[in-house]
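These notes concern the structure reproduced below.
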Amino acid sequence: MASRLVWASRAASYLRIQTTLRGFASVVKDFKYADSHEWVKVDGNSATVGITDHAQDHLGDVVYVELPEAGAAVKQGEGFGAVESFKATSDIYSPVSGKVTEVNEELSNSPGLVNSSPYGDGWIMKVEIRDSGELNKLLDAEKYTKFCEEEDAH
């Protein structure tokens, strides 16, 4: 295992790819994170929401995603759906308040996208943000990384 990490680091260095070896999964620098392990990608007044790589890693293979209804109101910190894996079912909490403008219908047929592409094709919903000030209550990538490291240490 260690030799593979060394090889991967050398390959990444040769290709000029920045890598960070951590005890847990990846974090996207420009996203915001909730301590309940959801991420938010903000684009103006719109937010794309999903669960983090760290969360999907702990859940294992996702077999079902309960999606909210388009048009539904969501509130920061309140549940809007669930993710089910062979190991467990976990509620998903909205990191922002607003109106659901779109849900990822592809997850109905391919829930495993949450595992294979948590920050891309595995997104869960898009929300029209009601209060952009709520974003200040979320963690940046550095704070979320530290939060996960501390959580995994216990």
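The values are calculated or read from the model by the stated rules, or taken from the named source; none is laboratory data. All of these numbers come straight from a predicted model, not from anything done at the bench. Here Cβ is always computed from backbone atoms with ideal geometry, including for glycine, and neighbour counts include all displayed protein chains.
Sort through Val74, Val65, Val83 and tell me the only one that's surrounded by 18 or more Cβ atoms within 10 Å (Cβ to Cβ) and free of Cβ contacts under 8 Å to residues at least 40 places away in the same chain. Answer to the selection: Val83. Restricted to the range 97-154, and to residues there that are in a loop (DSSP other than H, G, I, E, B) and of a type in the set (Gly, Ala, Ser), the residue that is nearest to Gly77 (Cα to Cα) is Ser97. Total residues in the range 21-44 satisfying the condition of being in a loop (DSSP other than H, G, I, E, B) and modelled with pLDDT of 90 or more: the figure is 10.
Could you list, ordered by first residue, the pairs with Cβ atoms under 7 Å in which the first is in the range 131-147 and closer than 20 Å to Asn45 by Cα and the second is of a type in the set (Ser, Thr, Tyr) and surrounded by 13 or more Cβ atoms within 10 Å (Cβ to Cβ), at least 6 apart or interchain? Short answer, once both residue conditions are applied: Asp131/Ser97; Glu134/Ser97; Leu138/Tyr33; Leu139/Tyr33. Regarding the range 90-103, can at least one residue be identified that is on the phi > 0 side of the Ramachandran plot, surrounded by 21 or more Cβ atoms within 10 Å (Cβ to Cβ) and of a type in the set (Gly, Ala, Ser)? Yes, because at least one residue in the range 90-103 is on the phi > 0 side of the Ramachandran plot, surrounded by 21 or more Cβ atoms within 10 Å (Cβ to Cβ) and of a type in the set (Gly, Ala, Ser).
Restricting the search to the range 85-102, which residues are over 15 Å from the mean Cα position of the chain (by Cα) and under 23 Å from Ser132 (Cα atoms)?
Ser97, Gly98, Lys99, Val100, Thr101, Glu102 - these are the residues of the range 85-102 that are over 15 Å from the mean Cα position of the chain (by Cα) and under 23 Å from Ser132 (Cα atoms).
Surrounded by fewer than 19 Cβ atoms within 10 Å (Cβ to Cβ) and closer than 17 Å to Thr48 by Cβ, is that true of Ser132? Working first, answer last.
Details: surrounded by fewer than 19 Cβ atoms within 10 Å (Cβ to Cβ): yes; closer than 17 Å to Thr48 by Cβ: yes.
Criteria met by Ser132.
Scanning the range 56-80 for residues that are over 17 Å from Tyr33 (Cα atoms) and not hydroxyl-bearing (Ser, Thr, Tyr) yields a total of 14. Given the criteria closer than 18 Å to His58 by Cβ, crowded, with 20+ Cβ neighbours inside 10 Å and under 14 Å from the mean Cα position of the chain (by Cα), does Gly122 qualify? It is true that Gly122 is closer than 18 Å to His58 by Cβ, crowded, with 20+ Cβ neighbours inside 10 Å and under 14 Å from the mean Cα position of the chain (by Cα). Within the range 102-124, the residues that satisfy the criterion of being out of contact with any Gly (no Cβ under 8 Å at 6 or more places or on another chain) and either basic (Lys, Arg) or in contact (Cβ under 8 Å) with a residue 12 or more places away in the chain (or both) are Glu102, Val103, Glu105, Glu106, Ser108, Pro111, Gly112, Asp121.
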